[in-house]
Amino acid sequence: MTQYTKIAIDDPRPAVRRITLNRPEKRNPLSNELRGEMFHALETADQDAEVRVMIIRGAGPCFSAGYDLQSNVAQGQPFYTAGGLANWPRHVVEGFFKIWDLAKPVIAQVHGYCLAGGTELATACDLVYVAQDAKIGYPVVRSISPPDNQFYPWIVGLRRAMELMLTGDHMSGIEAAESGFANRAFPVDQLEDRVLEIAERVAMTPTDLQQMNKRAVHRQMDAMGIRAGIRAGTEMQQLATFTQSTQAHLAEIRKGLTQALTKRDEAFGDYRTSKED
């Protein structure tokens, strides 16, 4: 099996391939290097006759706190996306649909923080199971832009999506399941076992049939316009980066990421500024 440096791979049950985002000291930021390894592992499993289902989870205290803001995301992208304006949001949207278009089901196992790009990764998966006390949100709307991947209206509906976009607040795992972001929420100490149980049930159906089951659902979403809608959102994300507020925040990030994010959230009293964390 390929040796990776940013993810870990194991097969915890027959026909189940598990991919663990493995930068726990940084809350599993989605750098291009990590994303490249993840896509390689997913595509390898999709072509492995011994694998019927994949799981993505995070090591350490959380699933993922988002994209790696300390890296140059324009460099070393794991697959080619045409350059120019909106290259990055178009690139991550293409990655979203790469996961959708795999033949085999992919399960997201979410605990702790699932923020920004972490939410985009989770929603790209076919099934999402979360810890009840997970914190799921897109705080980037407070200081930079709407999501690169405009999944919220499709997943949670107009009113909930609007509230999340206008506040940047997070949902608990329980709220995420109630809103439709996740399938179910479990106590954190039961999450891994329950996800493996579900993965085993999914793996009972042969891949040649399961890929048709998966596509049947996605084709209905395609007919409702999800691909066109999410792709259209990439230009909105790029346009937002030219606002005065975003340019000022990006300048603060260049001076120090931690300080910039603290300043962003301190008035709201959440995320890194929460007394509960």
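Here are the numbers for this structure:
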read-out: Extreme residue, farthest from ILE107 (Cα to Cα), among residues of region 182-208 that are of a type in the set (Gly, Ala, Ser) and touching a Lys or Arg at 6+ places or on another chain (Cβ under 7 Å); value: ALA203
read-out: From the options VAL16, VAL93, residue that is closer than 28 Å to PHE242 by Cα and of a type in the set (A, V, I, L, M); value: VAL93
read-out: Qualifying residues in region 162-196 (those that are of a type in the set (A, V, I, L, M, F, W, C) and surrounded by fewer than 18 Cβ atoms within 10 Å (Cβ to Cβ)) - the one nearest to CYS125 (Cα to Cα); value: LEU196
read-out: Unmet criterion (only one of (1) surrounded by 14 or more Cβ atoms within 10 Å (Cβ to Cβ); (2) farther than 25 Å from PHE96 by Cβ) for LYS255; value: (1)
read-out: Condition check for VAL156: in contact (Cβ under 8 Å) with a residue 60 or more places away in the chain and touching a strand residue (DSSP E or B) at 6+ places or on another chain (Cβ under 9 Å); value: no
read-out: Qualifying residue in region 34-56 (condition: at pLDDT 95 or above and at positive phi); value: no
read-out: Sole exception among (1) without any contact (Cβ under 8 Å) to a residue 40 or more places away in the chain; (2) part of a strand (DSSP E or B); (3) of a type in the set (D, E, K, R) for ARG57, by number; value: (1)
read-out: Pair list, Cβ under 6 Å, 6 or more apart: region 1-27 residue over 17 Å from ALA108 (Cβ atoms), other residue surrounded by 18 or more Cβ atoms within 10 Å (Cβ to Cβ) and of a type in the set (Gly, Ala, Ser); value: ALA15/ALA203
read-out: Single residue of region 69-87 satisfying the filter (touching a residue at least 24 places away in the same chain (Cβ under 8 Å) and surrounded by 15 or more Cβ atoms within 10 Å (Cβ to Cβ)) that is farthest from SER145 (Cα to Cα); value: PRO78
read-out: Flag if ILE9 is in a helix (DSSP H, G or I) and either more than 18 Å from the chain's Cα centre (by Cα) or among the aliphatic types (A, V, I, L, M) (or both); value: no
read-out: Residue that is among the small types (Gly, Ala, Ser) and either farther than 24 Å from VAL188 by Cβ or over 11 Å from the mean Cα position of the chain (by Cα) (or both), where the choices are ALA116, ALA108, ALA122, ALA82; value: ALA82
read-out: Candidate set: region 136-152, residues that are in contact (Cβ under 8 Å) with a residue 60 or more places away in the chain and more than 13 Å from the chain's Cα centre (by Cα); chosen: the one nearest to ASN213 (Cα to Cα); value: PRO146
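The values are calculated or read from the model by the stated rules, or taken from the named source; none is laboratory data. In this text the structure is predicted, and so the values were computed from the model without any measurement. Cβ sites come from the backbone with ideal geometry, for glycine too, and all protein chains shown count toward neighbours.
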